[in-house]
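Some notes on the structure that comes next.
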Amino acid sequence: MVDFGFGLSKSSAVRLDQVDLSLYRKLEVLEPGVRTCMSCGSCSATCTAGPWSGMSVRKVILNLQRGKDVSAMMQNCMLCGKCSMVCPRGINTRHLILSLCRIYGERK
Amino acid sequence: MDSRIILIIGGGVAGMEAARQLFLLGYQPVIVEKSDHLGGHVAGWHKLFPDMMSASSLIETMAGGLDGVTVYLKTTVATMNRLTSGFSVVLSNGTTLLCGAILMASGFRLFDASRKEEYGYGVYDHVITNSDLEHWFNTGEDDRIPENPSHIAFVHCVGSRDLKAGNPQCSKVCCMTAIKQAIEMKEKFPGSEVWCFYMDLRLFGKKYEDFYINAQRDHGVHFVRGRVSEVSEDIDGKVILKAEDTLAGHQVKLKADLLVLMAGMLCNEETPVLASMVRADVDSDGFMRSRDNIYRINESSRPGVFFAGACTGTKTVPETVAEARAAALDIHNYLVGNG
Amino acid sequence: MIYQGKQKIWSEYQKEIPADGWFYVRSCIRQSFFPASEKYFLAVCRDLLGKDIYESEHHTTCGGIAYHCDTIPQETAMTIVARQFALMKEAGYKNLVTSCITSFGNYTEILETWREFPELEARIRENLWKATRREFDKPEYVAHASDLVYKFRGEIAEKAVNRLVDVETGRPLRIVEHIGCHYSKMFPHKGIGGAEYPYVLSGMVESWGGEVIDYPERRHCCGFGFRQYLVKANRGYSVSNTHKKFESMEPYHPDAIITNCPGCPYFLDRWQYVISEQTGKTYGSGGYGIPVLTYEELAGLVLGYDPWDLGLQMHQVAVEPLLDKMGVKYDPDAKYLGLNKKDILKPGLPSVLKCC
């Protein structure tokens, strides 16, 4: 193999038709409210942990829908409940996070 | 009995226009209006998009077409009973009417912004609603609006698209209203920065997108895609907003001199009472239920009971005017037996 | 700020708190953080005001900390809670009062969950029976201990020896109220005043002569956040939250902070030392910090109990500036004398934060 000093770049594009949605599907069963998220960002705006740790319920949901691992981000949730207070769709975000903990716990 | 009297409940844009059309068709419309003036919400507005027409001159023009129409102000409907033909109606002022048909033009009410406690309406010194701002455009009277604001924030979807507030539907006119008002504020305070916090911008009507482009290009209005989650007041009495800029993916904070809440449209509180008097149906969103939402929007499920305007859902002024004319024709066809 | 606007909201979040007949459950951590607070809750409500409050030495943790740290599932926490309910039934009580905010949130969440999923309640009944041969009744009412002190705030004010007023100038003391997250954020209607403008502590402050400060970050968590503190790598997040709150309240020059949660007073108190060492900044006047008190401690001061009996020497931030403003009588030499005048030793002094 020849070293050209450069290589093929890896694409960061997400192939929506090939995404692994198994975790998201499990979450839908435990907390059906997750389907109604409209990414308004209220949860992330008010998140106590957000500005320091990057925690964002909106990103957790979206990344899960794109097949990404969200376990690290989710661990930063403080379960303070501010996001439940502000969600206009009334999603039980607390139960959503706890359900996701359970799903990741069962995978170990 | 074939009465030529038509009861019109509500003296807003819908009721006024339907009354004029019915009068021109040879009927005797009777407008029953609970407040002390005609014109409904529009009467308190300043300018109407997209032409920036003066709201008061529109109402003046429309009222000019009501010569010969009976109008009862500060009056409500006490009872309505269906007869073999037509209806017997008693009004709160004691008047009894025998009418051939009923038109519900009872309109809407604005969401009570103080119910979104996190926005501090009625608690913080510089938080107003879209309606308060129009009132200020008209009168110049509102202590909550500071003299030289450097930052003005608009929050879209206050009490609409909000399941928790019990109002899941989109109020549809507020995006456009916010942009109209943002431009008007920029014109009044050219030195200020104006911020619109939105979830989605829904600019569906003729020339609405032009307003959006103007707001961006000519007025430098800032648009942030994120719903404001909480508002506080700081020691100087300024309002502090927190939102997520969802497109950039980080929290944002804004210290503003004025916060304008775009309160959404809800069904009127009288809707269920009025509906039950004539056994019409109320829809899942709390508004009156039309026979369908495509072809028979003006018709209720009961013969002789018709709808016009925002009593069946959120409407713009031109939509309401068009519906009022359509309802007048529907009533005419019903009464001459073409229905 | 329009005070009447807040009053309107408060009027929508009032609770009908039973006057008497309470089964009291303590917190896991408060007795080490604030050793006299629970003792003085009983001293004030039971002994001084003569309310019927009972506690059992057999009750345990509610499991809330483990549950919030994701180390036990909720069913386990529910079974632990069911056992407390069984103890309450055996003692003949129907109203439960918790010392801890997270317990209050935990009990409330479990009862609400059972209301929506009765089959889960049935399973927990079975769990409890298998594990302990006990049976339980659900409490008729669950209150947080601060709800009770709120209810009795007028009676306390009538017996007040000291008020939340600067004795020199007559100025009402400026008090920051801080509510534990699990008090009303999950269920706003379970908290007095709701979640946006909680009134439970404000009501006490107003009754006892003080003035409540409303500062922009009033809703923000103290920074404890369970996992954020318990994992050392995340402790920076915890102190950052606390720092954010102090920066926000600083312009109002608070004389004290009152709290109703086990974790909040601890972190608001101890992190002031850490922040002072990290940034060189203190938030009280003259190099002192802002004293942070539990509502029982504040009630105790109002009623004239000795500050050292109330355990105020266990705070990191010196409380003396507050005592002096209120005109509380105390013996500086007795600060570090324990039971029977035993010397409990003076702590070392921080390099920045001024302590007495």
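For the peptides C:93-101, B:98-106, B:181-189, C:157-165, the ranking by packing is B:98-106, C:93-101, B:181-189, C:157-165, with the highest mean count of neighbouring Cβ atoms within 10 Å listed first. For the peptides B:261-273, C:115-127, B:74-86, the ranking by mean Cβ contacts within 10 Å, running from highest to lowest, is B:261-273, B:74-86, C:115-127.
Couplings 3J(HN,Hα) for the stretch B:107-116, derived from phi with the Karplus relation 6.51 cos²θ - 1.76 cosθ + 1.60 (θ = phi - 60°), are x, 9, 10, 7, 4, 6, 4, 5, 6, 7 Hz, where x marks Gly and Pro.
Here is how the number arises for chain A: DSSP H runs of 4 or more residues each give -39500 (n - 2.57), the sum is divided by the residue count, and the result at 222 nm is -12000 deg cm²/dmol. Restricting the chymotrypsin sites (Phe, Trp or Tyr not before Pro) of the stretch B:181-281 to loop positions (DSSP other than H, G, I, E, B) with no more than 15 neighbouring Cβ atoms within 10 Å leaves B:204.
If I take every Cα pair under 8 Å that is 6 or more residues apart in chain C, average their sequence separation and divide by the length, what percent do I get for the relative contact order? Averaging sequence separation for qualifying contacts and normalising by length gives 19 percent for chain C. Count the DSSP beta bridges whose two residues both fall in chain B, then state the antiparallel fraction as a percent rounded to the nearest 5. DSSP beta bridges in chain B are roughly 45 percent antiparallel. Once you sort the root eigenvalues of the Cα gyration tensor of the stretch B:111-264 as a ≥ b ≥ c, which label holds: rounded (a/c under 1.5), prolate (a/b larger than b/c) or oblate (the other case)? Rounded. The phi-based Karplus calculation (6.51 cos²θ - 1.76 cosθ + 1.60; θ = phi - 60°) puts the 3J(HN,Hα) values of the stretch C:167-176 at 5, 6, 10, x, 6, x, 6, 8, 10, 8 Hz, whole numbers, x for Gly and Pro.
With contributions of -39500 (n - 2.57) from each DSSP H run of at least four residues, the per-residue ellipticity at 222 nm computed over chain B stands at -7500 deg cm²/dmol.
Near residue C:180, the amide H atoms lying under 5 Å from its own belong to C:260, C:261; only residues 5 or more places off or on other chains count, and H is placed 1.01 Å from N.
Against the main long axis of the alpha-carbon atoms of chain B, helix B:130-139 sits at an angle near 90°.
Of the beta bridges DSSP finds with both residues in chain C, what % are antiparallel, to the nearest 5?
Antiparallel bridges make up about 10 percent of those DSSP assigns within chain C.
To the nearest whole number, what is the average tally of beta carbon atoms from other chains within 10 Å of the beta carbons of peptide C:224-232?
Numbers: counts 2, 8, 4, 7, 10, 1, 0, 2, 0.
Average neighbour count from other chains, rounded to a whole number: 4.
Charge dipole of the stretch A:19-107 (Cα centre as origin; +1 on each Lys and Arg Cβ, -1 on each Asp and Glu Cβ, all else neutral): 100 debye, rounded to the nearest 20.
Against the longest principal axis of chain B, how steep is helix B:174-188, in degrees 0 to 90 to the nearest 10, with axes from Cα atoms? Its long axis makes an angle of about 50 degrees.
Work out the FRET efficiency for residue C:349 and residue B:206 from their Cβ-Cβ distance, taking R0 = 56 Å, and round it to the nearest 0.05.
0.15
Short-range pairs are left out: with C-alpha atoms under 8 Å and at least six residues apart, the relative contact order of the stretch C:201-275 is 33 percent.
Computed from label points 7 Å out along Cα-Cβ, the spacing between residue A:25 and residue C:133 is 4.8 nm. Using Cα positions and a limit of under 19 Å, work out the lysines in reach of residue C:244, with same-chain residues fewer than 8 apart set aside. Here the lysines satisfying the reach criterion relative to residue C:244 are A:82, B:238, B:242, B:253, B:255, C:281.
Rounded, prolate or oblate for the stretch B:172-234? Axes are the square roots of the Cα gyration tensor eigenvalues, ordered a ≥ b ≥ c, and the cut-off for rounded is a/c under 1.5.
Oblate, because a/c is 1.5 or more while a/b does not exceed b/c.
In this rough spin-label picture, where each label sits 7 Å from Cα along the Cβ direction, the residue C:119-residue C:159 distance is 5.1 nm. Using the Karplus relation 6.51 cos²θ - 1.76 cosθ + 1.60 with θ = phi - 60°, the per-residue 3J(HN,Hα) values for the stretch A:64-73 come to 5, 5, 9, x, 8, 7, 10, 4, 5, 4 Hz, with x marking Gly and Pro. Peptides C:259-267, A:52-60, C:345-353 ranked from most to least packed, by the mean per-residue count of other Cβ atoms within 10 Å: C:259-267, A:52-60, C:345-353. Relative to its residue count, the protein assembly as shown spans a Cα convex hull of 241 Å³ per residue. Classify the stretch C:224-356: rounded, prolate or oblate, from the alpha-carbon gyration tensor (a ≥ b ≥ c, eigenvalue square roots; a/c under 1.5 rounded; otherwise prolate if a/b is larger than b/c)? It comes out prolate by the Cα gyration axes. The antiparallel fraction among DSSP beta bridges confined to the protein assembly as shown stands at about 35%. Before rounding to the nearest 500, sum -39500 (n - 2.57) across all DSSP H runs of length at least 4 in chain C and divide by the residue total; then give [θ] at 222 nm in deg cm²/dmol. After summing the helix terms and dividing by residue count, I get -12000 deg cm²/dmol. Note on chain C: Cα convex hull, mean projected area over all directions, 18.4 nm².
Other residues whose C-beta falls under 13 angstrom from the C-beta of residue C:85 contribute a net charge of +1, scoring Lys and Arg +1 and Asp and Glu -1. Sequence-distant contacts, meaning Cα pairs under 8 Å at least 6 residues apart, place the relative contact order of chain A at 30 percent. So what's the angle, to the nearest 10 degrees on a 0 to 90 scale, between helix B:208-217 and the longest Cα principal axis of chain B? Between the helix axis and the principal axis of chain B, the angle is about 20 degrees. The modelled label-to-label distance between residue B:96 and residue A:6, using points 7 Å beyond Cα along the C-beta direction, is 9.4 nm.
Every read-out reported here was derived from the displayed coordinates using simple, explicitly stated rules and does not represent laboratory data. These numbers come from a predicted model, not from an experiment. Please note: Cβ atoms are built from the backbone with ideal geometry, for glycine as well, and neighbour counts cover all protein chains shown.
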